[in-house]
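Everything below concerns the one structure shown next.
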Amino acid sequence: MKHLYLLLCCCMISIIGKSQLNCDAFTDSASVRACRLYNYAVTFYQGSRLNQQYLDSAVRVCPTLAEGWRALSVPYLKRGDFASWRKYLDKGFAHRHTGDGTYSLYVVMALCERELGNYDAATYYFAKGIDSIFYTKGKDFIGLFDFLHRAVMKIKLGDYKGALADLEQEEKICKNYVEIPYYKGIVYRQQGKHQLAKEQFEEARRRFKEGFHLVDVYCEMQDAVYPSDIDEALSHSEL
């Protein structure tokens with residue numbers, strides 16, 4: 001299980017190394033040059049000699065190029081060298097991540113504020129951890145479950161249109177996860193669309209049987225859905 005967890009973490013961030021930057025967004029010559037070096041680096045196999053050489057050149061030219069430091073760190077994570085991974089990752093001058101690389105700390109703050117009932121603060125941190133990253137770097141830099149966690153908050157706030165929008169985005173990242181139809185079902189139930197809600201809950205039950213759900217070998221994941229949740233939701237939909 002430990003190896004499986006590491007593989008999942010590696011798969012999640014391996015996509016990052018293949019994403020190119022928009023060099024037109026940089027204004028000074030050093031940043032533009034570093035951006036071009038970075039974009040050339042990611043055309044090579046991740047972790048290869050040429051890939052690492054050009055990434056190293058990019059961060060030497062522009063030490064504040066967060067994407068360069070992050071891309072340098074990824075191969076070390078895949079090799080199990082966590083100390084080197086954190087050393088390079090923490091030089092990124094961008095939003096930091098949890099120790100396993102799963103969450104931006106902005107999203108962690110958002111979840112903390114959400115559970116404390118501080119929804120304005122949670123909205124702010126979700127925007128920092130999702131929207132600002134989505135529009136400046138692209139969807140490949142968004143965490144695996146960030147949209148899902150924000151959708152749950154929007155359900156609590158009664159923003160059902162916004163919740164469905166976030167769940168649609170989550171579907172593009174983690175297709176077939178049980179949590180997506182389950183929370184869609186919650187939205188439809190709140191909107192009085194009971195047949196649609198029932199269909200979503202039944203889909204959630206089917207997906208759970210196939211093994212697609214939030215799970216972590218070390219701790220219970222926030223907003224994870226269990227069979228008892230689905231059974232309860234279906235019992236209410238049949239009343």
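List of remarks:
- Taking only the alpha carbons of the chain, we obtain Rg and Dmax values of 19.9, 66 Å in that order.
- Over 17 Å [Cα-Cα, segment 150-239], rounded percent: 46 percent
- Among 30-36, 45-51, 125-131, 70-76, sorting by the average number of other beta carbon atoms lying within 10 angstrom of each residue, highest first, gives 70-76, 125-131, 30-36, 45-51.
- Derived scalar couplings between HN and Hα for segment 33-45 equal 5, 5, 4, 5, 5, 4, 4, 6, 4, 7, 7, 9, 4 Hz in order, rounded to whole Hz, by the Karplus curve 6.51 cos²θ - 1.76 cosθ + 1.60 (θ = phi - 60°), x for Gly and Pro.
- Accessible-area composition of segment 158-239, carbon plus sulfur, in percent [1.4 Å probe]: 48 percent
- Pairs spanning more than 28 Å between alpha-carbon atoms, out of 87/156; 175/198; 128/193; 87/175: 87/156; 128/193; 87/175.
- Taken one residue at a time, the phi angles of segment 179-189 give Karplus couplings (6.51, -1.76, 1.60, θ = phi - 60°) of 5, 5, x, 4, 6, 5, x, 4, 4, 5, 5 Hz. Gly and Pro are set to x.
- Measuring only protein heavy atoms, the 1.4 Å probe finds residue 69 accessible over about 30 Å².
The values are calculated or read from the model by the stated rules, or taken from the named source; none is laboratory data. Values in this document were obtained by computation on a predicted structure and should not be read as measured data. Every residue, glycine as well, gets a Cβ built from its backbone with ideal geometry; the counts of neighbours run over all protein chains shown. Side chains are part of the model used for accessible areas, which takes the heavy atoms of the whole protein and leaves out ligands, DNA and RNA. Shrake-Rupley method; radii C 1.70, N 1.55, O 1.52, S 1.80 Å.
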